[in-house]
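The values are calculated or read from the model by the stated rules, or taken from the named source; none is laboratory data. Please read all numbers here as calculations on a predicted model, not as lab measurements. Glycine also receives a Cβ, built like all others from the backbone with ideal geometry; neighbour counts cover every protein chain displayed.
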Amino acid sequence: MKKIQLGDLTMNVVDEGEGKPILFVHGFPLDHRMWREQRKSFAADYRVIIPDLRGFGESDVTSGTITMAQFADDLNNLLNALKVVEPVVYCGLSMGGYIAWEFAKRYRERLAGLIVCDSKAASDSDDTRQTRFNSAKELRENGADNVVFAMMPKMFGMTTRDRNPELVEEFRQIMLKANAEGMAAGQLGMADRIDGRSLLTELNIPALLLCGEEDIISPVLEMQEMAASMPQAEFVGIPEAGHLAPLEQPVEVNNAIRKFIEKL
Ligand code: MLT
């Protein structure tokens, strides 16, 4: 792990391996550890860059609202600081996917390909937005416990909850230890995000959309529709996985990612 200074922000990042760069962007409220199976598999042949986003993991926490645009700018600054000039394969999960739409809008020339796992392009409904406002308030007043309790049943698929309770517990602990102010700022940023659906038709780059077939946060059907509206996207469903498919079924996910990258 390295600490990289980006203006007044210190960012924690894994930067390992050599070759074509892959940038892995974690979901909410996680950190670089959610990509550990991809780190193990891809660092042998690729340069693997896995930051903790602003407010998460061991990166600095900033208060207020962290917009998806702010996260995208941080990632661009990070790539500059790491002297990455070659276009990257961007691989984001859920919130990491929401950030991808902003990243593609702003830094299109940086992208060799786009992998979006268990995410959406649409912005929030009014109800979901209100839930995020309530959640930010709860996080600021009482910390992470209640918010994590409410999220947990949706993070892993039923197969993983049945067969791998240790993994579920490990990530519950990681979520409980996430910084509550960073989480609140991220929730407000997600509530504020753009509707990326109109961007999809213009995003003429190779893309892979992956979804755990048991994901109830970002359902398969919605991701299939997203892939269909993108000029160069393929969809791969991951059986026996939920919202955190890269952790739940790493072999299947890594095979799909590798096949996609090798074709680029
Ligand atoms: C995530 O995994 O990043 C979250 O489920 C995203 C969200 O709250 O919409």
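Output yes when any residue across segment 52-73 is outside any loop (DSSP other than H, G, I, E, B), acidic (Asp, Glu) and more than 26 Å from residue 124 (Cβ to Cβ), and no when none is. No; the residues of segment 52-73 include none that is outside any loop (DSSP other than H, G, I, E, B), acidic (Asp, Glu) and more than 26 Å from residue 124 (Cβ to Cβ). Is at least one residue of segment 87-95 buried (at least 20 other Cβ atoms within 10 Å of the Cβ), part of a helix (DSSP H, G or I) and hydrophobic (A, V, I, L, M, F, W, C)? Yes, that holds for at least one residue. Candidates in segment 24-51 are the residues that are part of a strand (DSSP E or B) and away from the ligand (no atom under 16 Å from the Cβ); of these, the one that is surrounded by the fewest Cβ atoms within 10 Å (Cβ to Cβ) is 47. Check 134, 76 and return the single one that is away from the ligand (no atom under 16 Å from the Cβ) and not small (Gly, Ala, Ser). One residue alone meets the criteria, 76. Of all residues assigned to segment 146-155, none qualifies as being touching a residue at least 40 places away in the same chain (Cβ under 8 Å) and among the small types (Gly, Ala, Ser).
Those residues that are part of a helix (DSSP H, G or I) and either acidic (Asp, Glu) or in contact (Cβ under 8 Å) with a residue 60 or more places away in the chain (or both), I need them from segment 166-183; list them, please. Passing the criteria: 166, 167, 169, 170, 171, 174, 175, 181, 182, 183. The residue pairs whose first member lies in segment 53-79 and is within 22 Å of residue 195 (Cα to Cα), whose second member is hydroxyl-bearing (Ser, Thr, Tyr) and not in a loop (DSSP other than H, G, I, E, B), and whose beta carbons are closer than 9 Å, counting only pairs six or more residues apart or on different chains, are 68/98; 71/98; 75/90. Assess whether residue 184 counts as being at pLDDT 95 or above and farther than 27 Å from residue 238 by Cα. So residue 184 passes the test. Remark: residue 112 matches the filter, which requires a residue to be out of contact with any His (no Cβ under 8 Å at 6 or more places or on another chain), small (Gly, Ala, Ser) and assigned to a strand (DSSP E or B). From the list 109, 166, 138, the lone residue that is within 24 Å of residue 254 (Cβ to Cβ) and acidic (Asp, Glu) is 166.
Assess whether residue 11 counts as being buried (at least 19 other Cβ atoms within 10 Å of the Cβ), more than 16 Å from the ligand (Cβ to nearest atom) and either under 23 Å from residue 176 (Cα atoms) or modelled with pLDDT under 95 (or both). Criteria met by residue 11. Which of the residues that make up segment 224-247 are more than 15 Å from the chain's Cα centre (by Cα) and part of a helix (DSSP H, G or I)? Those that are more than 15 Å from the chain's Cα centre (by Cα) and part of a helix (DSSP H, G or I): 224, 225, 226, 227, 228, 229. Hey, can you tell me all the residues within segment 91-121 that are touching a Lys or Arg at 6+ places or on another chain (Cβ under 8 Å), closer than 16 Å to residue 211 by Cα and more than 10 Å from the ligand (Cβ to nearest atom)? 121 - this is the single residue of segment 91-121 that is touching a Lys or Arg at 6+ places or on another chain (Cβ under 8 Å), closer than 16 Å to residue 211 by Cα and more than 10 Å from the ligand (Cβ to nearest atom). Against the criterion of being within 16 Å of the ligand (Cβ to nearest atom) and of a type outside the set (A, V, I, L, M, F, W, C), residue 218 qualifies. Of everything in segment 138-163, what is away from the ligand (no atom under 12 Å from the Cβ) and outside any helix (DSSP H, G or I)? Give them in sequence order. Across segment 138-163, the qualifying residues are 143, 144, 157.
Per-residue answers, yes or no, for (1) charged (D, E, K, R); (2) under 29 Å from residue 20 (Cα atoms); (3) touching a helix residue (DSSP H, G or I) at 6+ places or on another chain (Cβ under 7 Å):
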residue: 180; (1), (2), (3): no, no, yes
residue: 189; (1), (2), (3): no, no, yes
residue: 198; (1), (2), (3): no, no, no
residue: 239; (1), (2), (3): no, yes, no
residue: 252; (1), (2), (3): yes, yes, no
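As a summary of the residue check, residue 194 satisfies the conditions (1) modelled with pLDDT under 95; (2) part of a strand (DSSP E or B); (3) among the aliphatic types (A, V, I, L, M) except for the one numbered (2).
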